[in-house]
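This report refers to the structure that appears directly beneath it.
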Amino acid sequence: MSELTFEQMLEESFKTIHAGEEVKGTVIDVKPEEIVLNIGYKSDGILTRNEYTNEPNVDLTAVVKPGDVMEVKVLKVNDGEGQVILSYKRLAAERGNKRIEEAYNNKEVLKATVSQVLDGGLSVIIDEVRIFIPASLVSDTYEKDLSKYAGQEIEFVISEYNPKRRRYIGDRRQLITAQKAKLQEELFARIHPGDVVEGTVKNVTDFGAFIDLGGADGLLHISEMSWGRVENPKKVFKVGDKLEVLIKEISGTKIALSLKFEDANPWKDAASKYAAGSVVTGKVARMTDFGAFIELEPGVDALLHVSQIAKDHVEKPSDVLKTGDEVTAKVVDFNEEDKKISLSIKAMFAPEPEEETKEEDADVVSVDIDEVIANESAEE
């Protein structure tokens with residue numbers, strides 16, 4: 001029997017490996033783009049960055065150090081230069097594929113960091129399996145710019161699992177929808193008309209503001225923003241503002257809100273402040289052909305009819321008044337039930353003989369302010 005040469009004995013001392021085989025190796029050297037492993041074979045194994053992870057631009061020296069033990073897959077026993085080419089990500093992906101399959105079947109909620117923001121959605125990686133979340137499944141509302149999700153950890157479920165086509169689709173929208181439905185149910189079980197709750201301004205429009213109450217949005221209409229007059233909600237509120245609001249009405253899933261708290265109601269003490277015969281001062285808030293509306297205080301307007309603007313005849317209010325003018329007049333009628341006040345400047349002059357006085361009294365007219373305002377709104 002012939003004796004083995006030293007080279008043959010050395011050759012036989014190393015294990016045999018094959019392409020596709022899983023092996024363990026010890027890291028003996030690390031460079032930013034390459035890892036060298038001792039896998040117990042006559043040649044060391046080479047693990048490039050592209051075969052380590054799907055994450056772009058990873059510095060391998062930051063994630064692996066000499067002495068670390070890794071399980072890898074053999075891609076080539078000899079790359080032509082005597083080196084063994086290894087892959088970590090493919091072995092991890094095979095195992096990760098089973099993990100994704102289990103999550104899909106069990107409807108498990110997964111969590112991962114967004115690795116890429118693409119034109120059509122987000123990309124995340126779990127156990128080296130790349131999962132795509134289309135833009136339509138990122139949120140329950142359309143989001144044109146997804147850049148804010150870069151590097152953010154998000155939760156999602158697997159809505160499509162197709163390993164043959166390597167198609168793995170994530171869905172974040174259904175989690176958000178389910179969470180909102182739960183919060184909405186809890187909110188409606190908790191709130192009642194008359195409650196004062198805290199909310200956050202979510203959106204501001206010309207007609208009002210939508211307030212996030214933590215489960216549902218409520219509408220704060222422009223007419224309920226103040227006891228006074230609000231011309232432009234966007235000048236009063238901005239998105240993100242915190243507010244204490246009154247639940248005025250609940251109808252199905254619609255919530256009407258108000259900032260007209262009763263303790264600040266300007267009509268509460270109006271009977272004593274604006275009793276008939278009182279002399280008051282206010283500013284012209286707006287004018288019509290038949291008279292001027294005088295704001296006595298925010299939330300309390302009075303009508304100064306055109307016939308009561310001056311002792312002499314006035315054709316139209318704009319002939320002698322303009323918006324913002326300060327006016328002093330006498331209260332000639334106070335209707336607390338209908339919240340209507342009539343004013344007269346003419347009444348402040350010395351009374352004329354009885355016959356003329358009767359004629360002047362006849363000039364004092366009662367105008368339904370609510371009806372006037374409604375008609376003006378309809379015309380606009």
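The values are calculated or read from the model by the stated rules, or taken from the named source; none is laboratory data. All values reported here derive from a predicted model rather than from experimental measurement. Ideal geometry is used to build each Cβ from the backbone, glycine not excepted, and the neighbour counts take in all protein chains shown. Only protein heavy atoms, including side chains, enter the accessible area calculation; ligands, DNA and RNA are left aside. Shrake-Rupley method; radii C 1.70, N 1.55, O 1.52, S 1.80 Å.
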How many of the residues in region 215-242 are surrounded by fewer than 16 Cβ atoms within 10 Å (Cβ to Cβ) and farther than 24 Å from Asp301 by Cβ? 5
Region 285-309 residues that are more than 11 Å from Leu321 (Cβ to Cβ) and touching a residue at least 24 places away in the same chain (Cβ under 8 Å), paired with ones that are assigned to a strand (DSSP E or B) and basic (Lys, Arg) (beta carbon under 7 Å, 6 or more apart): Glu295/Lys283
Inside region 55-67, the number of residues satisfying the requirement of being under 11 Å from Tyr88 (Cβ atoms) and in contact with a strand residue (DSSP E or B) (Cβ under 6 Å, 6 or more places away or on another chain) is 2
Identify the single condition in (1) part of a helix (DSSP H, G or I); (2) more than 17 Å from the chain's Cα centre (by Cα) that Glu244 does not satisfy, given that it satisfies every other one. (1)
Picking from Gly214, Gly218, the residue that is on the phi > 0 side of the Ramachandran plot and in contact with a strand residue (DSSP E or B) (Cβ under 8 Å, 6 or more places away or on another chain) would be Gly214
Scanning for something within 16 Å of Ile255 (Cβ to Cβ) and either hydroxyl-bearing (Ser, Thr, Tyr) or over 17 Å from the mean Cα position of the chain (by Cα) (or both), does region 224-240 turn up at least one residue? yes
Selection count where residues are within 21 Å of the chain's Cα centre (by Cα), in contact (Cβ under 8 Å) with a residue 12 or more places away in the chain and open to solvent by less than 50 Å² (accessible area, probe 1.4 Å), scope region 139-191: 10
Is there any pair linking a residue in region 76-91 that is closer than 24 Å to Glu55 by Cβ and without any contact (Cβ under 8 Å) to a residue 40 or more places away in the chain to one that is of a type in the set (Ser, Thr, Tyr) and assigned to a loop (DSSP other than H, G, I, E, B), with Cβ under 8 Å and at least six apart or on different chains, and which? Lys89/Thr53
Within the group Ala302, Ala275, Ala292, which residue is among the small types (Gly, Ala, Ser) and open to solvent by 30 Å² or more (accessible area, probe 1.4 Å)? Ala275
Could you look through region 99-137, keep only residues that are in contact with a strand residue (DSSP E or B) (Cβ under 8 Å, 6 or more places away or on another chain) and assigned to a loop (DSSP other than H, G, I, E, B), and pick out the one that is most open to solvent (accessible area, probe 1.4 Å)? Lys107
Check region 140-149 and report whether any residue there is modelled with pLDDT under 95 and closer than 20 Å to Gly214 by Cβ. yes
Check whether at least one residue in region 192-214 is assigned to a helix (DSSP H, G or I) and surrounded by 17 or more Cβ atoms within 10 Å (Cβ to Cβ), and report yes or no. no
Which condition number does Gly96 fail, the rest of (1) at pLDDT 90 or above; (2) open to solvent by less than 70 Å² (accessible area, probe 1.4 Å); (3) small (Gly, Ala, Ser) being met? (1)
Flagged in region 257-272 as open to solvent by less than 40 Å² (accessible area, probe 1.4 Å) and under 12 Å from Val196 (Cα atoms), in numbering order, are Leu257, Ser258, Leu259
Within region 44-74, tally of residues that are more than 24 Å from Ser123 (Cβ to Cβ) and surrounded by 16 or more Cβ atoms within 10 Å (Cβ to Cβ): 6
